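Structure first, commentary second.
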Amino acid sequence: MRTIPGPTDHVVVVGAGLSGLAAALHLLGAERRVTVLERADHVGGRAGFTRTGGYRMDTGPTVLTMPHLLDEALAAVGGSVAERLELVALHPAYRASFADGSSLDVHTEPEAMEAEVERFAGPAQAAGYRRLRSWLTALHRVQMRSFIDVNFDSPLGLLGPDLARLAALGGFGRLGPRIGRFLQDERLQRVFSFQALYAGVAPARALAAYAVIAYMDTVAGVHFPRGGMHAVPRALAAAATDAGADLRLSTEVRSLERGGGGRITAVHTALGERIACDAVVLTPDLPLVHRLLGRTPRRAVPLTWSPSAFVLHAGTTRTWSRLAHHTISFGRAWESTFDELTRTGSLMSDPSLLITRPTATDPALAPPDRHLHYVLAPCPNLERGPMDWSEVGPRYRDRIVAELEQRGLTGFDASVECERVVTPADWAGQGHAAGSPFSAAHTFAQTGPFRSRNLVAGAPNAVLAGCGTVPGVGVPTVLLSGKLAAARITGAARPVRRRTSAAGLTGAAL
């Protein structure tokens with residue numbers, strides 16, 4: 001594994017999102033001095049929050065999987081998730097509802113899920129689920145150790161025994177057909193393949209290797225932190241500060257100062273401060289990183305961006321028993337939906353929606369006798385589907401609400417007393433390329449060693465982290481990106497675990 005040359009005593013991390021905070025913790029564990037600069041007035045990056053009318057609304061990801069990666073980051077400074085967060089395992093992880101009126105609870109325990117599949121689709125499909133679960137587990141084991149939790153210096157790094165194992169597992173085939181080998185019920189196929197949209201690719205075209213996301217959701221399990229998802233970056237930031245990090249909020253980085261050989265010698269802020277450094281970790285979206293570095297890397301094919309998301313955050317006076325913490329409401333359409341999102345650039349004519357009800361697990365996120373509902377509708381990004389969201393947004397909000405009521409959430413509109421709508425234009429305003437919070441899509445040419453590297457040509461002491469670089473999009477992979485970035489600086493192929501005294505673990509996360 002290549003590491004950055006020269007001294008690395010003081011590292012400046014640009015951005016206090018999940019990747020930046022994870023990088024900071026791993027660097028602190030390796031006894032580097034760390035300064036974290038965040039332009040917002042709070043930590044979290046995409047995993048942000050807002051307070052409106054007594055409601056505490058997460059404004060970013062709502063699904064937390066693979067919490068052991070949080071433990072790994074906190075262990076670098078002698079901490080643990082148990083000391084910093086209260087995580088609740090969700091049972092069911094999801095509820096899937098379908099246009100034919102049927103519904104399926106997705107359990108992570110094998111016996112419970114097998115029984116649910118048998119109830120839903122019969123014993124043959126339950127047997128198929130058992131085989132699918134074994135395949136997902138094997139796929140995850142191979143990918144995590146050799147293709148996800150690893151720094152590649154070149155595509156040649158793919159070569160090895162696990163490449164053959166991944167091929168033998170069918171990882172280089174297509175996701176949709178591969179799931180279909182195990183499950184013939186079209187509804188079940190959706191449950192185990194819709195996650196490809198997180199990677200920005202339709203299931204029919206995504207590599208089967210991306211079934212690893214379904215493993216994270218349906219086998220490893222889904223959790224929710226009390227206090228909301230924003231409790232996660234707060235916990236990481238508290239641990240980093242207690243371990244000695246200099247965390248500065250409301251501090252925007254304007255430029256990077258260069259020295260001999262292109263090394264970054266200092267970071268300049270919008271406040272006029274010059275902060276000298278030995279190395280930098282850059283976590284903003286790729287276009288901003290490229291502007292700071294003064295160049296955009298050449299690619300044979302321009303970057304392709306993932307679809308975006310229209311989100312309605314609603315504080316309501318009531319809720320509906322048909323909703324679990326997470327409910328996926330599938331429309332009748334399927335393949336045509338992905339064509340609309342990724343090819344024609346039009347809004348879904350028959351939308352599938354993710355409805356999250358965080359107050360099902362943590363009622364304290366809303367005033368007494370009130371509820372929170374987040375409704376996410378995938379939509380084209382601004383490059384694929386340019387449209388005036390100032391005009392389209394209000395109409396689409398009403399259309400989505402009407403769809404919810406038609407699907408059984410009767411009285412939803414009348415129950416809303418507080419709301420916040422987020423469109424691709426809002427994501428673009430936050431600096432996300434093409435108005436997509438999901439960054440570069442995981443096409444084959446943007447996957448693994450072909451994705452934007454975390455080492456920077458022409459800046460030998462700069463490293464990237466975040467969803468635009470390796471290993472990719474999603475809370476688990478973004479946490480890993482911070483660890484991989486730190487490893488490029490420290491040379492530690494595996495996390496450094498540091499013991500601290502009890503006095504070093506006094507920061508409250510919640």
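Scan the range 322-341 residue by residue and report those that are closer than 14 Å to ASN381 by Cβ and out of contact with any Pro (no Cβ under 6 Å at 6 or more places or on another chain).
Correct list: PHE338, GLU340.
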ARG133 vs (1) over 24 Å from GLY170 (Cα atoms); (2) open to solvent by 20 Å² or more (accessible area, probe 1.4 Å); (3) among the charged types (D, E, K, R): all pass except (1)
Has the range 170-177 got any residue that is part of a helix (DSSP H, G or I), touching a residue at least 40 places away in the same chain (Cβ under 8 Å) and either open to solvent by 30 Å² or more (accessible area, probe 1.4 Å) or not small (Gly, Ala, Ser) (or both)?
-> no
Do you know which residues across the range 76-114 are aliphatic (A, V, I, L, M) and within 17 Å of PHE182 (Cβ to Cβ)?
-> ALA96, LEU104, VAL106, MET113
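Quick check, is ALA196 touching a residue at least 60 places away in the same chain (Cβ under 8 Å), in contact with a helix residue (DSSP H, G or I) (Cβ under 9 Å, 6 or more places away or on another chain) and small (Gly, Ala, Ser)?
Values: touching a residue at least 60 places away in the same chain (Cβ under 8 Å): no; in contact with a helix residue (DSSP H, G or I) (Cβ under 9 Å, 6 or more places away or on another chain): yes; small (Gly, Ala, Ser): yes.
Here the answer is no, as ALA196 does not meet what is asked.
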Subset tally (residues that are open to solvent by less than 40 Å² (accessible area, probe 1.4 Å) and in contact (Cβ under 8 Å) with a residue 24 or more places away in the chain) for the range 325-336 | 7
Cβ-Cβ below 6 Å, separation at least six or inter-chain, first residue in the range 127-144 and free of Cβ contacts under 8 Å to residues at least 60 places away in the same chain, second β-branched (Val, Ile, Thr) and open to solvent by less than 10 Å² (accessible area, probe 1.4 Å): which pairs?
-> TYR129/VAL117
How about the range 469-483: which of its residues are open to solvent by 10 Å² or more (accessible area, probe 1.4 Å) and either in contact with a Lys or Arg (Cβ under 9 Å, 6 or more places away or on another chain) or on the phi > 0 side of the Ramachandran plot (or both)?
-> VAL470, PRO471, GLY474, VAL478
So, first residue of a type in the set (D, E, K, R) in the range 200-212, second residue at pLDDT 90 or above and crowded, with 24+ Cβ neighbours inside 10 Å, Cβ within less than 9 Å, six or more apart or across chains; the pairs are ARG205/LEU175; ARG205/PHE338
Note: among THR251, THR241, just one is of a type in the set (Ser, Thr, Tyr), surrounded by fewer than 20 Cβ atoms within 10 Å (Cβ to Cβ) and more than 21 Å from the chain's Cα centre (by Cα), namely THR241
For LEU372, all conditions in the list (1) touching a helix residue (DSSP H, G or I) at 6+ places or on another chain (Cβ under 6 Å); (2) assigned to a loop (DSSP other than H, G, I, E, B) hold save one; what is the number of the exception?
-> (2)
Could you check how many residues of the range 255-299 are touching a helix residue (DSSP H, G or I) at 6+ places or on another chain (Cβ under 8 Å) and open to solvent by 60 Å² or more (accessible area, probe 1.4 Å)?
-> 2
Could you run through the range 302-328 and say how many residues are over 20 Å from ARG51 (Cβ atoms) and either under 19 Å from the mean Cα position of the chain (by Cα) or among the aliphatic types (A, V, I, L, M) (or both)?
-> 14
In this structure, is ALA486 modelled with pLDDT under 95, under 26 Å from PRO67 (Cβ atoms) and crowded, with 18+ Cβ neighbours inside 10 Å?
-> no
Can VAL456 be described as more than 18 Å from the chain's Cα centre (by Cα), within 30 Å of SER19 (Cβ to Cβ) and buried (at least 22 other Cβ atoms within 10 Å of the Cβ)?
-> yes
Quick check, is ALA377 modelled with pLDDT of 95 or more, open to solvent by 10 Å² or more (accessible area, probe 1.4 Å) and under 24 Å from the mean Cα position of the chain (by Cα)?
-> no
Looking only at residues in the range 355-372 that are in contact with a Leu (Cβ under 8 Å, 6 or more places away or on another chain) and in contact (Cβ under 8 Å) with a residue 60 or more places away in the chain, which one is surrounded by the fewest Cβ atoms within 10 Å (Cβ to Cβ)?
-> THR361
What number of residues in the range 409-423 are closer than 21 Å to SER329 by Cα, surrounded by 14 or more Cβ atoms within 10 Å (Cβ to Cβ) and not acidic (Asp, Glu)?
-> 8
By my count, helices (runs of 4 or more DSSP H) wholly in the range 392-496 with at least 2 residues that are in contact (Cβ under 8 Å) with a residue 24 or more places away in the chain and within 24 Å of SER346 (Cβ to Cβ) are 424-429
Tell me, please, whether a residue that is part of a strand (DSSP E or B) and either within 27 Å of HIS10 (Cβ to Cβ) or among the hydrophobic types (A, V, I, L, M, F, W, C) (or both) can be found in the range 110-130.
-> no
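The values are calculated or read from the model by the stated rules, or taken from the named source; none is laboratory data. On a predicted model such as this, the values are computed, not experimentally measured, just so you know. Note: ideal-geometry Cβ built from the backbone for every residue, glycine included; neighbour counts use all protein chains shown. Note: areas computed on protein heavy atoms with side chains; ligands, DNA, RNA excluded. Shrake-Rupley method; radii C 1.70, N 1.55, O 1.52, S 1.80 Å.
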